[in-house]
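First comes the structure, then the notes that go with it.
The values are calculated or read from the model by the stated rules, or taken from the named source; none is laboratory data. Only a predicted model underlies this, so the values are computations on that prediction, with no experimental measurement involved. Neighbour counts are summed over all protein chains in view; Cβ atoms, including those assigned to glycine, are modelled from backbone coordinates with ideal geometry. Accessible surface is based on the protein model in full, side chains and every heavy atom, while ligands, DNA and RNA are left aside. Shrake-Rupley method; radii C 1.70, N 1.55, O 1.52, S 1.80 Å.
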Amino acid sequence: QVQLVESGGGLVQAGGSLRLSCAASGRTFNLYGMGWFRQAPGKEREFVGAISWTGGGTLYPDSVKGRFTINRDTGKNTVYLQMNSLKPEDTAVYYCAARVRFRALSDFTYEYWGQGTQVTVSS
């Protein structure tokens, strides 16, 4: 089992920045990858980005490419989502996810999920 705890959400003005953190615990030696997703009220969950735990490769959708950056600290078992140039449409609950099986970055299947952290961007 892997437990995930997100932090760093909050209220920010449009154009501002936030950095989310996701700390993993438990069977972290089996980690293959971690991802970030978000869900706004009344909308489906949306992929925000992913990172390979071993190689560090990343993948982003066009909606956040150039504004969001994922990196990880393997020593701390923590993944970060740096969000810059935030827009009101980025408002959502952000979830981190982890997987212990090898999959391509473009595969959005994850075995473990955090509880989510609210990000609100005001106009």
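Quick notes on this structure:
- Residue selected from the stretch 2-20 under the condition open to solvent by 30 Å² or more (accessible area, probe 1.4 Å) and touching a Lys or Arg at 6+ places or on another chain (Cβ under 7 Å), by the criterion nearest to residue 122 (Cα to Cα): 14
- The one condition from (1) buried (at least 19 other Cβ atoms within 10 Å of the Cβ); (2) closer than 23 Å to residue 10 by Cα that residue 53 does not meet is (2).
- When the stretch 22-50 is filtered for residues that are in contact (Cβ under 8 Å) with a residue 60 or more places away in the chain, over 13 Å from residue 92 (Cβ atoms) and open to solvent by less than 50 Å² (accessible area, probe 1.4 Å), the ones remaining, listed by number, are 22, 24, 31, 33, 34, 35.
- Matching residues in the stretch 74-107 - criterion: being under 22 Å from residue 55 (Cα atoms), more than 12 Å from the chain's Cα centre (by Cα) and in contact (Cβ under 8 Å) with a residue 24 or more places away in the chain: 76, 77, 99, 100, 101, 102, 103, 105, 106
- Scanning the stretch 12-38 for residues that are in contact with a Gly (Cβ under 8 Å, 6 or more places away or on another chain) and either assigned to a loop (DSSP other than H, G, I, E, B) or more than 17 Å from residue 77 (Cα to Cα) (or both) turns up just one, 18.
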